[in-house]
């Protein structure tokens, strides 16, 4: 979270959160509560960074990632298709 905002091609990543999986995703990724994650983003936005866009579900995230090559998000594994690439699997 917040360590790097650049993609391998040098462009700035546009992170996308998903309301349906957000709490579980951040607990697995950071081992922190969602309240701590929210506090982190409050600090970052106060410093001028933009918090990740929040979308409603897997389909919305897939559509956003398909339509923007700089977008990066997370979805339930069963929604993965040949239009997206898996970067990390959290169990």
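Some observations on this one:
- Subtracting the Cα-Cα distance of residue 76 and residue 57 from their residue separation scaled by 0.36 nm leaves 5.9 nm.
- Under the simplified labelling scheme, the residue 49-residue 86 pair shows an inter-label distance of 2.7 nm, with each label point 7 Å from Cα along Cα→Cβ.
- The C-alpha radius of gyration of the chain, expressed as a fraction of 2.2 N^0.38 Å, stands at 1.07.
Taken together, the values in this text are just the output of simple stated rules run on the coordinates, not laboratory data. Treat the numbers as computed from the prediction; the structure is a model and nothing was measured. Here the Cβ is made from the backbone with ideal geometry for all residues, glycine too, and neighbour counts use every protein chain on show.
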